[in-house]
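Q: Below is a structure I'd like to ask you about.
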Amino acid sequence: MASPPSYNEAISDNGDIFVTLPDCQAHASLLHTFYQLRISDPEVEKVYLARAEARYFQWMDHVQSYGPSMELLPPIDIVYMWHAHLLSPYRYYEDTLRNGWVLFHTKAYGLPLQRLEWAKTTFEDGVDPESEQYWRKFFPDQPYKLTTDNVDAGFSWIACPCCQSRIRSSWVDYAKMRTDKHSSIPCHNCKAKVTAEALSCARFVKDWSESTKTDIKLAGFQLDKKGKRLYLQPEIAARMIAIRDSAKVQAVLNSKEPLDWIELVIALRSQITIGRTDSKRLDLNTVATTMRSRYMGIPYKSSLDIIIAVARQWEFTAKMVEINWTTPASVADAVARYKKFLMLMKDHPKSILVPVLSIDLAWHTHMLNHYNYREYTLKHLFLVVNHDDTIASSKLNNYLISTAKLWYQKYQEPYTSDNLEKLYSSSSMFAAIQKRKMRKYWYQDKTTEKKEPTMEKDRYVEHNTGK
Ligand SMILES: [Zn+2]
């Protein structure tokens with residue numbers, strides 16, 4: 001068995017910027033920090049997350065307008081949101097394009113992992129005084145460090161989607177509205193009940209209404225299947241606009257009533273009888289998909305529900321903290337394996353490959369510098385590799401098995417030395433026979449620590465009866 005590659009071997013790639021060891025380590029450390037941000041009271045945590053998301057968008061707008069040095073660190077709650085957003089590279093890129101946050105897909109505006117690590121290890125509370133000073137200057141009514149003590153201090157301001165009045169609410173009410181579809185904030189002017197659904201619908205209507213034949217502004221239409229800028233064919237764009245301009249759809253779009261997805265869906269469905277040709281049906285389906293996946297229930301700016309994306313990372317973060325994966329050898333190994341993983345993806349563009357935890361850490365680290373990630377994957381795999389955290393766990397297991405098989409075929413070595421049962425799997429998947437059959441793919445032989453058959457068995461029993 002070959003020894004793990006050295007750090008230089010792991011990263012050397014004809015001068016391309018790949019994942020570096022210090023970045024991986026700083027990232028693992030950042031996950032520890034995120035772990036500390038968890039709040040035991042779920043109601044308080046909702047307020048924290050909802051407010052952090054609002055602050056993240058404010059900060060993106062600010063950076064785009066003022067272009068401050070990235071040595072000035074945003075507050076950690078904003079980093080928390082930014083991190084989750086970056087892990088959906090397609091949606092992140094599209095959102096930066098659509099919101100005019102163009103700085104955020106340039107080289108200089110990657111998530112500053114090293115700088116964050118420096119602040120964490122240099123200052124007692126992890127807060128760099130210079131960054132805090134800068135923040136206070138531009139956001140005097142917002143605390144730099146968001147804590148359980150100040151999370152509900154001050155007010156949230158939202159725009160009414162019906163009459164455009166500015167509505168003031170407490171952060172607690174805002175968080176309820178943001179995270180519970182049955183909660184609303186009343187508009188004092190037009191008496192509308194403002195819900196996340198109504199706001200998300202207004203966002204869709206705005207983007208669609210402002211679209212033209214040469215510029216479809218909807219999320220979901222900005223990138224092609226390879227993650228490159230998409231310039232819609234004129235005839236498709238024209239058909240999209242024709243659907244929008246049909247009388248029934250227009251009636252809903254121009255309605256003075258609170259916006260409602262149901263009305264909009266009914267109006268769109270009415271177009272199906274008219275759209276007899278396959279292409280028109282296809283366009284209608286595309287609009288419906290975009291509505292569902294990138295707008296419904298997401299009230300602001302992003303086509304990704306960032307709060308849900310943050311919550312999706314909790315399990316991964318907890319596992320990383322448990323493993324405490326920061327020794328140089330283990331991280332260099334993770335980086336080398338991640339590169340092999342990418343090359344396997346290149347060989348099997350149609351397969352869904354599932355990373356093990358170590359590969360995922362290196363992969364996530366790569367995505368945190370969005371520019372480098374795009375450039376690298378475009379250059380070497382000819383497409384921006386998407387990252388999907390939403391695969392159902394039942395399917396995940398099957399993809400994991402097929403990944404291990406492909407890995408073995410290509411590299412003639414087992415996929416991982418991780419204890420996969422513990423890390424990823426329900427015990428049912430590892431039925432005895434399957435496990436025996438799969439063992440050569442799962443486990444690397446560690447000559448230094450030969451496993452006793454009885455121990456293997458004990459562990460197996462434990463996993464069948466345990467969690
Ligand atoms: Zn109103």
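Nothing in this text is a laboratory measurement; each read-out follows from the coordinates by a stated rule. Here the structure is a predicted model, which is why all the values come from computation and not from measurement. Here Cβ is always computed from backbone atoms with ideal geometry, including for glycine, and neighbour counts include all displayed protein chains.
Q: What's the exposure ranking of C160, C24, going from fewest to most Cβ atoms within 10 Å?
A: Values: C160 22, C24 27.
By the 10 Å Cβ count, ascending, the order reads C160, C24.
Q: Take every Cα-Cα distance within the stretch 196-295, group them into 5 Å bins from 0 onward, and report for each bin the whole-number percent of pairs it holds.
A: That works out to 2, 13, 24, 28, 20, 10, 4, 0, in percent per bin.
Q: Sort S402, S169, S358 so the one with the fewest other Cβ atoms within 10 Å of its own Cβ comes first.
A: S402, S169, S358
Q: Looking at this model, which pairs from K145/K193; K228/K350; K301/K379 are more than 23 angstrom apart at the alpha-carbon? Provide the component values of the computation, followed by the final result.
A: Details: K145/K193 32 Å; K228/K350 18 Å; K301/K379 30 Å.
Correct reply: K145/K193; K301/K379.
Q: Ranked by Cβ crowding within 10 angstrom, fewest neighbours first, how are E124, E132, E315, E94 ordered? Walk me through the intermediate numbers first.
A: Numbers: E124 5, E132 18, E315 10, E94 24.
Fewest-to-most ranking of E124, E132, E315, E94: E124, E315, E132, E94.
Q: Moving on to the next point. Can you order the peptides 347-357, 75-85, 217-227 by their average number of other Cβ atoms within 10 Å per residue, highest first?
A: Ranking, from highest mean packing down: 75-85, 217-227, 347-357.
Q: Which whole number in µm²/s is D for the stretch 114-199 by Stokes-Einstein, with the Kirkwood Rh taken over Cα pairs at 4 °C and 1.567 mPa s? Show your work: numbers first, answer last.
A: Values: Rh = 15.2 Å.
The estimated diffusion coefficient comes to 85 µm²/s.
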